[in-house]
1. Kindly provide the set of residues from region A:149-176 that are closer than 22 Å to A:V432 by Cα, in contact with a Gly (Cβ under 7 Å, 6 or more places away or on another chain) and not in a helix (DSSP H, G or I), ordered by number.
2. Please count how many residues of region A:212-269 are of a type in the set (A, V, I, L, M, F, W, C) and under 22 Å from A:F44 (Cα atoms).
3. Take region A:45-75 and flag every residue that is without any contact (Cβ under 8 Å) to a residue 24 or more places away in the chain and closer than 14 Å to A:H324 by Cβ.
4. Select from region B:142-161 the residues that are more than 15 Å from A:S222 (Cα to Cα), assigned to a strand (DSSP E or B) and either touching a residue at least 12 places away in the same chain (Cβ under 8 Å) or among the basic types (K, R) (or both) and list them in ascending order.
5. If you go through region A:249-277 one residue at a time, how many are more than 16 Å from A:A396 (Cα to Cα), at the interface with chain B (Cβ under 8 Å from one of its Cβ atoms) and charged (D, E, K, R)?
6. Considering only region A:239-261, state which residues are at pLDDT 95 or above, in contact with a Phe, Trp or Tyr (Cβ under 7 Å, 6 or more places away or on another chain) and of a type in the set (S, T, N, Q).
7. Output the residue which, of all residues in region B:128-148 that are aliphatic (A, V, I, L, M) and at the interface with another protein chain (Cβ under 7 Å from one of its Cβ atoms), is surrounded by the most Cβ atoms within 10 Å (Cβ to Cβ).
8. What are the residue pairs meeting all of these: first residue in region B:101-124, first residue hydrophobic (A, V, I, L, M, F, W, C), second residue surrounded by fewer than 15 Cβ atoms within 10 Å (Cβ to Cβ) and in a helix (DSSP H, G or I), Cβ atoms under 9 Å, and 6 or more apart or on different chains?
Amino acid sequence: MTSAITRREAMFGAAATAGSLLLAGGNAGAQTKPTELRVGITTFLSGAASVFGVPARNAAELIFEDINKAGGIGGVPVRAYFVDEGPGTDHLVGEFRRLVQNEGVHIMFASISSGSCLACTPLSDEMKKTTLLWDCGTQRIFEEGKHPFAFRTQGYGTPEVLAPLLYLLKHKPDFKTLAVINQDYAWGRDSWELWKAGMEALKPGVRVVAEMFPRFGAPDYSTEVTRLLAARPDVILSTSWGGDLVTLVRQAAERRLFDRSTFVLPVAEASMQTLGKTMPAGHVIGARGDHWNNHPKPKDPAKLAKFVEAYRAKYNEYPIYPCHHMAQAIAAMQAGFARAIAAKGGGWPNDQELANAFRGLTFDTPTSSITLREDGQGLEDQIVGLSSFTEKFPFAVPKDMIIFPAAMVSAPVGQKSVEWLKTLKPEFLAQVPAPVAG
Amino acid sequence: MMAWFAENSLLLGLALLDGLAYAALVFMVAVGLNLVFGVLRIVNVAHGSLFAIGAYTAASLGLFFASRGLPPWAGYAALILAACLVGAVLGPLIERLVLRRIYGQEEVLQLLVTFALFMILEDVQKLVWGVQPISQDLPMKVLGTVDVPFGEDVIPFTIYQLFVLPGVAVAVLAGLAWFLRRTLTGRVIVAVTTDKEAAMAMGIDAAKVTLLTFTFGAGLAALGGALASPTTSLVPGIGAQTIVLSFAVVATAGLGQIEGAALTSLLIGLGRSVAVYFAPEFEVVVPYIIMVAVLLVRPQGLFGVLETRRV
């Protein structure tokens, strides 16, 4: 049996449908608890930077497994959507939109590359989606604009460069010449600009005898090593990482360059396992944070040991700093949701309420606490020390460590890093804490 | 000008030594690519993957030999074994299953197919060897270093880079020249390179020649990777870096030109090392500046010959 619909009935039906849709839109603030908490994560799964991206993904999977076993976040199981940064920024921007619009992720984690972060952060503004910058280091993000939905859950370039510089000035105050060999891309150039600004302010008169920026992923540094051997600088700075740093250290060590100059390697931690005993002792090494395996006084030693052992058991290697940065972002996410849910009296937060919860948030990591400043930047302590060997680890770890408080080595809110570094005075060194044993 | 040379003669001497070692590595990879193009007329993007897999295999074999307590010299056996293994296994596999289907097809299609193969092999590398840097430098360490005088100072160089790499490159160049010009198989390859149709009309089995040449070229790429492995760290993407530079060498030399590849590698190696000393900002672009300069003057490359094309 069929029945014909009159024009009046059709009009009424259409009006009723439109009304119900409007009502649904009007109730968007009253979020219902989702069946799963969808997290979009951008990381390098291909290319040279996958040496960071894949371990970070491994760490995320390990931690999410634990979280889900314990009942999820706010009673909601977590589901991760990983996206590869490898194909480039254009691809990543499309993927970010897809995750937010098609997959309906509740929160985004972006990214390893500073270029990726610079591309994704404006999207967080546009799409009003809370985005945790979980690993990128560029200072430009929060110094060149306001991003109400973006929060960086770790330190950034300025403290990661200033802390090793201060350490060097304490450890070897009489150096007169310096050479730099950084990778030829944003981080290599930016980190040198930060270092130079700080060095000229804190120790004017140091002569830079070589500035070299070999291409990213260069398989051979023998020519650069020869030039450094001939130039004999007192100090060699390199913020290189991954396979590039491993190759540089191996070639330099084989040709006794470490005997002639003191190396400063702010991103050394991630390469120490690969280098093993090849890494010479007595050189300045950093970790882009305070998460060394031999942290002298971690806030929660049991938690640190549990994470390290669980990661080792599953992946047969020690977690490196991107794993810790991922763990920090997840810890921030847990704390942020808990705060937002509590603020809503147990209700599920909408996007704006979730973002509000992150501003000023303090969350615990196994080694310390991190506070997200009003501009969105996280304050993470930095530990720098001298490479050394102990019986506990088959690779170099720092000794004579200095724990730099995050606020001391970060540019204040509203100031640009390079300009702030230029204002530092040599007296600033008096504020550097004393070294602690490893 | 002369005063500048006199003032910097010591540094130029160092740059020459560095340039030779670098040129040797570049030549090892580019010559295989050039040889393959000469016979197959296919620009094989996957050549970079064969370099990478050769390097990874050599490092794995070296680590295995070391774990079995074999003497450090066994590392050299690992380098040669790796090149032979990769060439003999992957060469015929790729030629038979993939390349044979695209001979004579449009160049764009050939590029896309070999690029797809390159991407697949990149993932295979990650599946097998993971993403963390892998190193095996025993063959370099076992030879130690030699001190080169530098004014009142000395500069340590590894014997591996100063003597072994250039030595092997010269041996490969001489061996290839002898093989192609003095042996029957080599002459058959040259015949197919020069005029495939005429060679087939003379009874030459072109299919067999292409298989042999590609296997040999794959072996050379793998040997390049194996020889590079003691000096570098193996990470995902190492094949991509290599193939880009190899293309620059092949284009500059002229497609299919062995001696041209040697001379161009030398030019690029020396140009790059001089740039590191005196104009480091140009280090990355020097190979491509040389390429553009040559191609502007000789579009067919340094040693290439102009070809007539049927339209």
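The values are calculated or read from the model by the stated rules, or taken from the named source; none is laboratory data. Since the structure is predicted, the reported quantities are computational estimates derived from the model, not experimental observations. Note: ideal-geometry Cβ built from the backbone for every residue, glycine included; neighbour counts use all protein chains shown.
1. Correct list: A:Q154, A:G155, A:Y156.
2. Residues meeting the conditions: 7.
3. none
4. Within region B:142-161, B:F150 is the sole residue that qualifies.
5. Kept after step one, since they are more than 16 Å from A:A396 (Cα to Cα), are these residues of region A:249-277: A:251-252, A:254-257, A:259-261.
Filter again for at the interface with chain B (Cβ under 8 Å from one of its Cβ atoms), leaving A:251, A:254-256.
Narrowing further to those that are charged (D, E, K, R): A:254-256.
Going through region A:249-277 one residue at a time, the tally reaches 3.
6. Of everything in region A:239-261, just one residue is at pLDDT 95 or above, in contact with a Phe, Trp or Tyr (Cβ under 7 Å, 6 or more places away or on another chain) and of a type in the set (S, T, N, Q), namely A:T239.
7. Filtering first and then ranking leaves B:V131.
8. B:I102/B:L109; B:V113/B:R101
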